[in-house]
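Reviewing the structure listed below.
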Amino acid sequence: MEVDYSPYFRMDPLHWNHFQSKLHTLKIKKDNFFISMGEICECIGFIKNGAIRTFYIDRNGNDISFVFHLEYNFFTDYESFLTTRPSKLFIQAIEDTDVLLIHKKDLFDLYATDVYWQEYGRNMA
């Protein structure tokens with residue numbers, strides 16, 4: 001039985017049904033990357049189960065983890081997502097992880113249809 005994730009997205013059933021139609025699922029195996037440095041981030045993710053970390057490599061070559069994302073949380077490289085510039089970050093699964101994704105184009109299409117989505121997007125960030 002599929003879990004109802006709508007309470008985690010905090011939206012009414014009508015908007016949830018519309019939003020859900022835009023979501024895609026992705027399985028990220030442990031140690032695999034959602035995004036690597038130099039790639040452009042095109043999606044925002046929501047963790048159904050599992051865990052990921054965001055990290056960068058400093059000028060001395062050290063791997064610096066600075067945020068861990070757990071179940072029922074959003075994640076992305078917001079800077080890359082918003083500016084369409086290559087990421088300076090790595091986002092990696094630290095265990096097998098299932099995510100829901102919304103692509104940038106789909107999200108921006110929603111923004112264009114209703115002010116509700118513009119406000120929702122600001123709250124999501």
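Values computed for the structure shown
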{"quantity": "Taking only Cα atoms of the stretch 55-125, radius of gyration then Dmax in Å", "calculated": "14.7, 47"}
{"quantity": "FRET E, pair TYR5, ASP114, Förster distance 25 Å, beta-carbon r, rounded to 0.05", "calculated": "0.75"}
{"quantity": "Which label in [x] 8.7; [y] 7.1; [z] 8.0 gives the computed mean projected area of the Cα convex hull in nm²", "calculated": "[z]"}
{"quantity": "The chain - charge dipole about Cα centre, Lys and Arg +1 at Cβ, Asp and Glu -1, debye rounded to 20", "calculated": "260 debye"}
{"quantity": "Where a label projected 7 Å from the Cα of SER36 along Cα→Cβ would reach, residues of the stretch 78-106 with amide N under 15 Å", "calculated": "87-93"}
{"quantity": "Per-residue ³J(HN,Hα) for the stretch 54-62, Karplus 6.51 cos²θ - 1.76 cosθ + 1.60, θ = phi - 60°, Hz, x for Gly and Pro", "calculated": "10, 8, 9, 9, 6, 5, 8, x, 7"}
{"quantity": "Relative contact order (percent, whole number), the chain, Cα cutoff 8 Å, 6+ residue spacing", "calculated": "33 percent"}
{"quantity": "Cα pair distances exceeding 17 angstrom across the stretch 1-59, given as percent", "calculated": "53 percent"}
{"quantity": "Interchain or long-range residues, amide H under 5 Å from ILE35's placed H", "calculated": "ILE91"}
{"quantity": "For the stretch 103-115, Karplus couplings with θ = phi - 60° (6.51, -1.76, 1.60), whole Hz, Gly/Pro x", "calculated": "7, 3, 4, 5, 5, 5, 4, 4, 3, 6, 8, 7, 4"}
{"quantity": "Long-range amide H partners of ALA51 with built H, under 5 Å", "calculated": "ILE94, GLU95"}
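Laboratory data are not the source of any read-out in this text; all were calculated from the coordinates shown. Quick caveat, the model's predicted, so the values are computed rather than measured. Note: ideal-geometry Cβ built from the backbone for every residue, glycine included; neighbour counts use all protein chains shown.
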